[in-house]
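What follows draws every value from the coordinates through simple rules; no lab data is involved. If you're wondering where the values come from, they're calculated on a predicted model, not measured in any experiment. Heads up, the Cβs are rebuilt from the backbone with ideal geometry, glycines too, and the neighbour counts pull from every protein chain shown.
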Amino acid sequence: MLCHICKEKTATVHLTQITGDKMHKIDLCEECAKEKGVNDPSGFSLADLLLGLGASQELEQAAGGTTLKCPKCGFAQVDFKKSGRLGCPECYQTFAEGLEVLIKSTQKRAQHKGKVPERLRAQRNFELQLASLQKKLHKAVEAEDFEQAAQLRDEIKRLKGPLPAATVK
Amino acid sequence: MNLDEFLEPVSKSVHRKGPHDRIVLSSRVRLARNIRDGAFPGWAKKPERMRVLEIIRPAIESLPEMKGAFSETMDNLEPLDKQILVERHLVSREHAAKSAGSGLVINFGETLAVMINEEDHLRIQALHPGLQIRQAWQLVDRLDSELEEKLDYAFSNQLGYLTACPTNLGTGIRVSAMLHLPGLVLAEQINPIITSVNKLGLAVRGLYGEGTEALGNIFQVSNQMTLGESETDIVERLEKVLAQIIEHEENARATLLERKAKVVYNHIGRAYGILANAHSISSKETMNLLSLMRLGVELRLFPSSAGLIVDELFILTQPAHLQKSHVDKLSAEARDLLRADMLREQLRPVNRPIIKPGGTNSAGLDKNEKA
């Protein structure tokens, strides 16, 4: 088995880390292991290592062999290989496919849970509320409950009226 | 603004106390944030970084928490001052290496520090003494909420806050505590603890974070994953693990005293002997020996007044702090001499450790005792 990092020497250090229900494995030669501080358990975290590795291959796959570049910032997959960092927020769209595997393997879940910026939350609430009212309106019309329908129409008008201050696209 | 005048002198800052600070030296929560319109600092060219800095810095300065803050661009800071900030844990090593296009804002009281254009546009951190993770999260959360009214953050419904490195996606949160664990190290139980903490998806690192060694028996424990779990869940999970590590450390100390008291006294006595008498000593050796003296204070082999001296020396004997008190640029060798001079001088009022016959010093181990 060859070392995951240098891909030259035989791997003699085998690491396994289990996080949640996922298992990560990595095989290194002695020199690369030393260089990455694997022998010093205090400074070692598998995620740091994993990032520099499989990730670039994934991105390569996403690019379908061609040099995919971010239209916004010009960042290419080879650049990720070098730094393990992306070019700009837009890159997450550009390289979405390749990143998916990487994100799933290093993170708990590929769906954000937790804090949401207030202005986006307002927008999201607005959309949810509107959808719910429109559904009710539709039902009322179907049931020929026009009094109710008129009420709902006014409500929708009110909701749409002055759009929330910060509506983002 | 002059950094020396802004930062609280070490002789004062060592008086900052927090719960469980016998073992938990400090609690830190940092958030990674980026603005939507702009390449990440590592990819952006200098004019772009300058533009982003000009957008972000005034926004931070205008926050009520930042009244009387220290705010500076990194190119305006002397290399020595940057190193001082690293030794005080107010900026990362990576940020200290930055120059034009990066900036720094620290609040009065030094509980909040915002790095601009480090790896991300914003690294907002709250730092509290002792075990106060929850408080640190609340503080940093409030600052972040105020800031999002002024800045258009890069955020996706699926991936949360977008960051330069995919390991910080989602919440962008890194919750960490700095732990002093001499008992577990002496009892040779530290490696199994690190392994099991790793298995829980938490990282254990050295004194200065990523890729640094555990000097002075000081370890940083932090969450690894940032996406798919809410901030409060992460905070609570870390709190639980920390409570267990604290218990293990207390147990290790108690067991050591019970079974290997001579070994412990020998380590502490030797540490004192060298620190109080050496004429040349490296920063690394100093840290490791001061750690043992700190343990000695907690085991009541030294009076509690020695605790403040030890904590102060922990910071003052580090390279940049040592250099700061001297005009000439010091070589590493010269620093080792000066460090030893400082240690001998400062430790003069501290008598050698008192070991009561039969090892009845275990009074200091009462778990319920407040430090």
In peptide A:80-87, what is the residue-averaged number of other protein chain Cβ atoms found within 10 Å of each Cβ? 5
Entries of B:46/B:67; A:115/A:135; B:82/B:329 with Cα pairs more than 25 Å apart: B:46/B:67; A:115/A:135
Between the Cα axis of helix B:190-199 and the main Cα principal axis of chain B, the angle (0 to 90°, nearest 10) is 30
With labels modelled as points extended 7 Å from the Cα through the Cβ direction, what inter-label distance (nm, one decimal) is found for residue A:135 paired with residue B:61? 5.0
So if the hydrodynamic radius of the protein assembly as shown is defined as the Kirkwood radius over C-alpha pairs, what does Stokes-Einstein give as its diffusion coefficient at 20 °C and 1.002 mPa s, in µm² per second? 83
From the phi angles alone, apply the Karplus equation (6.51, -1.76, 1.60; θ = phi - 60°) to the stretch B:143-159 and give each ³J(HN,Hα) in whole Hz, x where the residue is Gly or Pro. 4, 5, 5, 5, 6, 5, 6, 9, 10, 8, 6, 7, 9, 10, 4, 7, 9
When B:105, B:114 are arranged by how many other beta-carbons sit within 10 Å of their Cβ, fewest first, they go B:105, B:114
Likely footprinting exposure, A:1, B:342, fewest C-beta neighbours within 10 Å first: A:1, B:342
Calculate how large, on average over all directions, the projected area of the Cα convex hull of the stretch B:151-276 is; give the answer in nm² to one decimal. 10.1
Mind checking which aspartates and glutamates have their Cα closer than 16 Å to the Cα of residue A:82? Skip sequence neighbours fewer than 8 apart in that chain. A:48, A:58, A:60, B:119
Take peptides B:57-67, B:172-182 and line them up by average Cβ neighbours within 10 Å, highest first, as a rough protection proxy. B:172-182, B:57-67
Taking neighbour counts of Cβ atoms within 10 Å as a proxy for exposure, in what order, fewest first, do A:25, B:82, A:157, B:324 appear? A:157, A:25, B:324, B:82
Quick check: the angle from helix B:46-61's long axis to the longest principal axis of chain B, C-alpha only, nearest 10 degrees? 70
For chain B, averaging the sequence separation of alpha carbon pairs under 8 Å that lie six or more residues apart and dividing by its residue count, the contact order in percent is 18
Shape category assigned to the stretch B:52-153 from the gyration tensor of Cα positions, a/c cut at 1.5: oblate
For chain B: Kirkwood Rh in Å [reciprocal of mean 1/r, alpha carbons]: 21.7
As a check on your grasp of the helix formula, calculate [θ] at 222 nm for chain B: sum -39500 (n - 2.57) over DSSP H runs of n ≥ 4, divide by the residue count, round to the nearest 500. -13500 deg cm²/dmol
Within the stretch B:167-249, which GluC sites (Glu not before Pro) sit in a loop by DSSP and count at most 15 neighbouring Cβ atoms inside 10 Å? B:188, B:213
Considering the alpha-carbon set of the stretch B:230-282 alone, what are its Rg and its Dmax in angstrom? 17.9, 52
Test item: B:152-162 mean partner chain Cβ contacts at 10 Å: 6
Once you order the gyration tensor axes a ≥ b ≥ c over the Cα atoms, which shape class does the stretch B:204-349 get: rounded for a/c under 1.5, otherwise prolate or oblate by comparing a/b with b/c? oblate
Span per principal axis, largest first, for the Cα atoms of the stretch A:98-145 (Å): 53, 23, 16
What is the average number of partner chain Cβ atoms found within 10 Å of a Cβ in B:223-235? 5
Under 8 Å for C-alpha pairs, at least 6 residues apart: give me the relative contact order for the stretch B:135-185, rounded to a whole percent. 17
Could you work out the relative contact order of the stretch B:289-338, using alpha carbon pairs under 8 angstrom and six or more residues apart, expressed as a whole percent? 24
